[in-house]
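Trainee: Pasting a structure below so you can have a look.
Each value in this text was obtained by applying a stated rule to the coordinates, not by laboratory testing. Just so it is clear, the structure is predicted and the values come from calculations on it, not from any experiment. Cβ coordinates were reconstructed from backbone atoms using ideal geometry, including for glycine residues, and neighbour counts include every protein chain displayed.
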Amino acid sequence: MGRKKKDKKSKDNKSATQVEAKQKSDQKPRKIKTKFYEKELENLQEELVKLQEWIKHKGLKVVVIFEGRDAAGKGGVIKRITQRLNPRICRVVALGTPTEKEKTEWYFQRYVPHLPAAGEMALFDRSWYNRAGVERVMGFCTEEEVQEFFRSCPEFERMLVRSGIILIKYWFSVSDEEQEKRFQERLDDPAKRWKLSPMDLEARRRWVEYSKAKDEMFSYTDIKQAPWYVVNADSQKRARLNCMHHLLSMIPFKDLTPEPLKLPPRQREQGYMRPPITEQNFVPEVY
């Protein structure tokens, strides 16, 4: 009798383990085939070119904010968005540490000059939300300054929207397991090691503090006029496609692709003589 109970208990434990393993497997993002990803990426980038022309034509002012955990993939999606766009129309704003002078200014002052004019789109690789995240967790600001940010930020963003700016905010969410994996990849790859700073490592140590700070930030700044959109970023390829697709859906636009151009005949030389090759400095042909 005792043997049967033991066998049954062992079987139940095994079944529970299998169920738990299956649940974890189901939670993992499905792998996306490279061929499908590259085709979809190309299609979305073509649509972004059309959106760019529409923004220029209609004189729209677009601000897109990218926030989230370190190694969540913000830079990767920004790179794919801008890859085929005109940098004079779509530009990336990635500000460094504030100067001593900027620390004495109104908090939002250093961001205002980077807001778009008519016909422009600005992508903020991190933004004024530094105050509610890294500055708060790392102790670079006081709790009074944080609370003032929570009061001011919603009003600041409502002002932007009332002024005609289209404000879109993305939060890239990544699990601690996936972040750990990407951190390790950066440590192992010399070409990616620059992406890891002492601040990133400290942020990793304070994972729970960052989570609490993010939750409170959302409670104040997830406003009707400028809501947060969360991107599941455990799968980098899927996150890029989903974010780009969503961005395109946020701004109705028409296809303004111009008709194909015909190259005019090149001007004749008319006695023009090129300067001697020996008078020019050439890059060595190593390859």
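Trainee: Along each of the three principal axes of the Cα atoms of the chain, give the extent in whole Å, ordering the values from largest to smallest.
Mentor: Over the chain, Cα extents along the principal axes are 108, 50, 44 Å.
Trainee: Rounded to the nearest 0.05, what FRET efficiency is calculated for GLN109 and HIS246 with R0 set to 30 Å and r the Cβ-Cβ distance? Working shown, then result.
Mentor: Working: r = 30 Å, r/R0 = 1.01.
Calculated transfer efficiency: 0.50.
Trainee: Also: For the stretch 69-217, take the alpha-carbon Rg, divide it by the Kirkwood Rh, and send me Rg/Rh.
Mentor: On the way: Rg = 16.5 Å, Rh = 17.1 Å.
Looking at the stretch 69-217, the ratio lands at 0.96.
Trainee: Take peptides 100-113, 209-222 and line them up by average Cβ neighbours within 10 Å, highest first, as a rough protection proxy. Write down the numbers at each step before the final one.
Mentor: Numbers: 100-113: 12.1, 209-222: 15.2.
My ranking of the peptides, most packed first, is 209-222, 100-113.
Trainee: Can I ask one more? Give LYS56/LYS214; LYS35/LYS74; LYS192/LYS237; LYS79/LYS181; LYS58/LYS214; LYS56/LYS79 a once-over and call out the pairs whose C-alpha atoms are over 25 Å from each other.
Mentor: Working: LYS56/LYS214 34 Å; LYS35/LYS74 22 Å; LYS192/LYS237 18 Å; LYS79/LYS181 21 Å; LYS58/LYS214 35 Å; LYS56/LYS79 20 Å.
Flagged as over cut-off: LYS56/LYS214; LYS58/LYS214.
Trainee: Relative to the first principal axis of the alpha-carbon coordinates of the chain, what is the inclination of helix 207-221, with its axis defined by its Cα atoms, in degrees from 0 to 90 and to the nearest 10?
Mentor: 70
Trainee: Let me ask something else about it. For the peptides 270-277, 235-242, what is the packing order when you average, over each peptide's residues, the other Cβ atoms within 10 Å and list the highest mean first?
Mentor: Numbers: 270-277: 6.4, 235-242: 20.1.
Result, highest mean Cβ count within 10 Å first: 235-242, 270-277.
Trainee: Label points 7 Å out from Cα along the Cβ direction at PHE150 and GLN270: separation in nm?
Mentor: 7.1
Trainee: Kindly provide the helix-only [θ] at 222 nm of the chain, computed as the sum of -39,500 (n - 2.57) over DSSP H runs of four or more divided by all residues, to the nearest 500 deg cm²/dmol?
Mentor: Numbers: 10 runs with 139 residues, N = 287.
It comes out at -15500 deg cm²/dmol, rounded to the nearest 500.
Trainee: Amide H of ILE251 versus every other amide H placed in the peptide plane: which residues, excluding those fewer than 5 positions away on the same chain, fall under 5 Å?
Mentor: Amide H to amide H, under 5 Å and 5 or more residues apart or across chains, ILE251 pairs with nothing.
Trainee: I need the semi-axes of the equivalent ellipsoid of the stretch 204-263: take the C-alpha gyration tensor, multiply each eigenvalue by 5, square-root it, list largest first in whole angstrom.
Mentor: Working: eigenvalues 270, 60, 16 Å².
Semi-axis lengths for the stretch 204-263 are 37, 17, 9 Å.
Trainee: Taking every pair of Cα atoms in the stretch 166-280, average 1/r, invert it to obtain the Kirkwood radius, and report Rg/Rh to two decimals. List each step's numbers first, then the result.
Mentor: Values: Rg = 24.9 Å, Rh = 19.7 Å.
The Rg/Rh ratio comes out at 1.27.
Trainee: With only Lys, Arg, Asp and Glu charged, each at its Cβ (+1 for the first two, -1 for the last two), find how big the charge dipole of the stretch 141-216 is about the Cα centre; round to the nearest 20 debye.
Mentor: Details: 15 positive and 18 negative charges, 71 e Å.
Here the stretch 141-216 has a charge dipole of around 340 debye.
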